[in-house]
Amino acid sequence: DQQVKQNSPSLSVQEGRISILNCDYTNSMFDYFLWYKKYPAEGPTFLISISSIKDKNEDGRFTVFLNKSAKHLSLHIVPSQPGDSAVYFCAASRTGFQKLVFGTGTRLLVSP
Amino acid sequence: EPEVTQTPSHQVTQMGQEVILRCVPISNHLYFYWYRQILGQKVEFLVSFYNNEISEKSEIFDDQFSVERPDGSNFTLKIRSTKLEDSAMYFCASSGSNQETQYFGPGTRLLVL
């Protein structure tokens, strides 16, 4: 099941710079997208979401961009902080279904 | 801040044994879910539960699995006869009326020997 893909398994960024995490999906029926952050041995923590009726949603240092025609979304973190170091998952769902489909995750390392 | 809790945090069992994983969802939430993550793999959906019945389930959720809301606060996942391949982190999640943003618990690490 490759409906949601995160092609970069890891990303290293310096503190204060921008982190950009990417996610692609194949199912055009998806209409709600979420980003979760996960530390080892913990559950996914919700970060930010976006509905398909929007192309951008912002919450503090986190901004999610959605390009429906390209079936692509990205998470921007600016400025990046060492505490942001974690695995980031994108997930997608469609109206009428509760199931979240997750990507494989990108491990972000923010170095001081 | 309200959170989803899960017990136990770790469970070791012998193949063929029954296990029950427990979750306390966020109190005013109406939708409940189980997911699992096998080591090195994606987080996978197992089942969703609403209004005291299963609303959606994956092909993974076969007859060896069952879910129950035995009282007003707990939500359980039972695996009747565990297999080696059931070893994974099991996450419970819940969501409110918008049924869209799901909040996850810390997980139960299940090891089947």
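The values are calculated or read from the model by the stated rules, or taken from the named source; none is laboratory data. From a predicted model like this one, the values you see are computed outputs, not experimental measurements. For neighbour counting, all protein chains shown are included, and Cβ atoms are generated from backbone atoms with ideal geometry for every residue, glycine included. Calculation scope for accessible area: heavy atoms of the full protein, side chains included, ligands and nucleic acids excluded. Shrake-Rupley method; radii C 1.70, N 1.55, O 1.52, S 1.80 Å.
Every residue, every condition in (1) assigned to a strand (DSSP E or B); (2) among the polar types (S, T, N, Q); (3) open to solvent by 50 Å² or more (accessible area, probe 1.4 Å), yes or no:
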site: A:Gln2; (1), (2), (3): no, yes, yes
site: A:Ser8; (1), (2), (3): no, yes, yes
site: A:Asn22; (1), (2), (3): yes, yes, yes
site: A:Phe33; (1), (2), (3): yes, no, no
site: A:Lys37; (1), (2), (3): yes, no, no
site: A:Pro40; (1), (2), (3): no, no, yes
site: A:Leu47; (1), (2), (3): yes, no, no
site: A:Ile50; (1), (2), (3): yes, no, no
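Among the residues of region B:52-70, those identified as assigned to a loop (DSSP other than H, G, I, E, B), away from chain A (no Cβ under 12 Å) and open to solvent by 30 Å² or more (accessible area, probe 1.4 Å) are B:Asn52, B:Asp62, B:Asp63, B:Arg69, B:Pro70. Among residues of region B:1-20 that are of a type in the set (S, T, N, Q), those with a beta-carbon under 9 Å from a residue that is in a loop (DSSP other than H, G, I, E, B) and exposed (fewer than 13 other Cβ atoms within 10 Å of the Cβ) at least six positions away or on a different chain give the pairs B:Ser9/A:Ala41; B:Thr13/B:Leu113; B:Gln14/B:Leu113; B:Gln17/B:Ser81.
From the set of residues in region B:29-73 that are among the β-branched types (Val, Ile, Thr) and under 10 Å from the mean Cα position of the chain (by Cα), which is nearest to A:Val87 (Cα to Cα)? The residue in question is B:Val47. Only one of the listed residues (B:Phe45, B:Phe75, B:Phe104, B:Phe91) is of a type in the set (Phe, Trp, Tyr) and more than 13 Å from chain A (Cβ to nearest Cβ). That residue is B:Phe75. Inspection of region B:80-87 finds no residue satisfying the criterion of being within 14 Å of chain A (Cβ to nearest Cβ), touching a residue at least 12 places away in the same chain (Cβ under 8 Å) and open to solvent by 70 Å² or more (accessible area, probe 1.4 Å). Does region A:66-77 contain any residue that is more than 30 Å from B:Ile60 (Cβ to Cβ) and under 12 Å from the mean Cα position of the chain (by Cα)? Checked region A:66-77: at least one residue is more than 30 Å from B:Ile60 (Cβ to Cβ) and under 12 Å from the mean Cα position of the chain (by Cα). I'd like to check something: does region B:32-51 contain any residue that is at pLDDT 95 or above and of a type in the set (Lys, Arg)? Yes.
Could you look through region B:20-31, keep only residues that are part of a strand (DSSP E or B) and either more than 10 Å from chain A (Cβ to nearest Cβ) or at pLDDT 95 or above (or both), and pick out the one that is most open to solvent (accessible area, probe 1.4 Å)?
Of all residues in region B:20-31, those part of a strand (DSSP E or B) come to B:20-24, B:31.
This time we only want the ones that are either more than 10 Å from chain A (Cβ to nearest Cβ) or at pLDDT 95 or above (or both), so: B:20-24.
Details: B:Ile20: 54, B:Leu21: 0, B:Arg22: 108, B:Cys23: 2, B:Val24: 53 Å².
Among those that are part of a strand (DSSP E or B) and either more than 10 Å from chain A (Cβ to nearest Cβ) or at pLDDT 95 or above (or both), it is B:Arg22.
Restricted to region A:93-112, and to residues there that are at pLDDT 95 or above and open to solvent by 70 Å² or more (accessible area, probe 1.4 Å), the residue that is farthest from the other protein chains (Cβ to nearest Cβ) is A:Leu109.
Only one of the numbered conditions (1) within 22 Å of A:Gln3 (Cβ to Cβ); (2) of a type outside the set (Gly, Ala, Ser); (3) modelled with pLDDT of 95 or more is violated by B:Phe65, and that is (1).
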